[in-house]
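These notes are about the structure you will find just below.
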Amino acid sequence: PSWEAAVVGIADRSALLVLDNCEHLLDAAADAVELLLSTAHCVSVLATSREPLNVPAEFVLRLDPLAVGNGAVNGAESPAVQLFLARAAAAGSAVDLGADSADTVVELCRRLDGLPLAIELAAARTRTLSPAEILTHLDRRLDLLVGHRRAPARHRSLEAMVDWSYERLEPATARFFDRLGAAEGRFTAEAAHAVGGESGEDLLDVIGHLDRLVARSLVQVDRRGGRT
């Protein structure tokens, strides 16, 4: 009937508690985990979320996009391409990785940034389109990458996946993210300040926005030669 009652039941047991999809109830999940860990000292918690819970003793393991590889030979064995092939087969479409097709599938997975959901949605399209044809339509990827209606709402399309995180942004950070859409490819915090900062915001304000976007998995961090 309550978290307190649940804690009594496992307080002296060694257990692993899995909490999935915490981001839409982040504060409630964090409160529950803190209560649990302060009372049940032999319990470990594995939480999945698009942003950290920020509770004491939390260790964050960030799941990066799937590796794509380089070229038809290395790329064909990459996790991204293997996922595409597996999901295409599950959709009833056997994709033949001949030399030309391998290059196309590798490039398709690269254009999808190695994102598992995007790759799964693209693979489902192989029922009616070849990988090369899917690749030519990626300029309309938000319309193209749509899944079946029985999937969870946030997984029915690439657009729904982005909306799920976007709708949870603070208004100021959402406005900043809107303006950041003008950036193509990589950018620095200074460039983000010039493009997306509001009047009166200094660089540290913009870094705060970027930190929140990174925490919500809407921006990826890339460090090279001491620069972010």
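Here are a few things to note about the model shown:
- Taking GluC sites (Glu not before Pro) as exposed when DSSP calls them loop and at most 15 other C-beta atoms lie within 10 angstrom, the chain has its longest site-free stretch at 78-166.
- Scaled against 2.2 N^0.38 Å for its residue count N, the alpha carbon radius of gyration of the stretch 1-80 is 1.52.
- Accessible area of the chain belonging to carbon and sulfur atoms, whole % at 1.4 Å probe: 53 percent
- Along the axis of the charge dipole computed for the chain (Cβ charges of +1 for Lys and Arg, -1 for Asp and Glu, origin at the Cα centre), the listed residues Leu121, Val146, Leu85 are led at the positive end by Leu85.
- Ellipticity at 222 nm from helices only: DSSP H runs of n ≥ 4 in the chain, each -39500 (n - 2.57), divided by the residue count, give -14000 deg cm²/dmol.
- Under 5 Å between amide hydrogens, built in the peptide plane, is the criterion, and for Ala15 it picks out Val43, Ser44 among residues at least 5 positions away or on other chains.
- Taking Cα atoms only, the orientation of helix 79-90 departs from the longest principal axis of the chain by about 80 degrees.
- Simple Cβ-charge dipole of the stretch 167-228, Lys/Arg +1 and Asp/Glu -1, about Cα centre, in debye nearest 20: 340 debye
- Simple Cβ-charge dipole of the chain, Lys/Arg +1 and Asp/Glu -1, about Cα centre, in debye nearest 20: 620 debye
- Here's the picture: charge each Lys and Arg Cβ at +1 and each Asp and Glu Cβ at -1 in the chain, and of Cys42, Ser2, Leu158 the one pushed furthest to the positive end of that dipole is Leu158.
- The charge dipole of the stretch 1-125, taken about the Cα centre with unit charges on the Cβ atoms of Lys, Arg (+1) and Asp, Glu (-1), comes to about 260 debye, rounded to the nearest 20.
- Accessible surface, the stretch 28-73, averaged per residue in Å² (probe 1.4 Å): 65 Å²
- Convex hull per residue volume in Å³, alpha carbons only, for the chain: 180 Å³
The values are calculated or read from the model by the stated rules, or taken from the named source; none is laboratory data. Keep in mind it's a predicted model, so treat the numbers as computed, not measured. For neighbour counting, all protein chains shown are included, and Cβ atoms are generated from backbone atoms with ideal geometry for every residue, glycine included. Please note that ligands, DNA and RNA were not included when accessible areas were found on the heavy atoms of the full protein model with its side chains. Shrake-Rupley method; radii C 1.70, N 1.55, O 1.52, S 1.80 Å.
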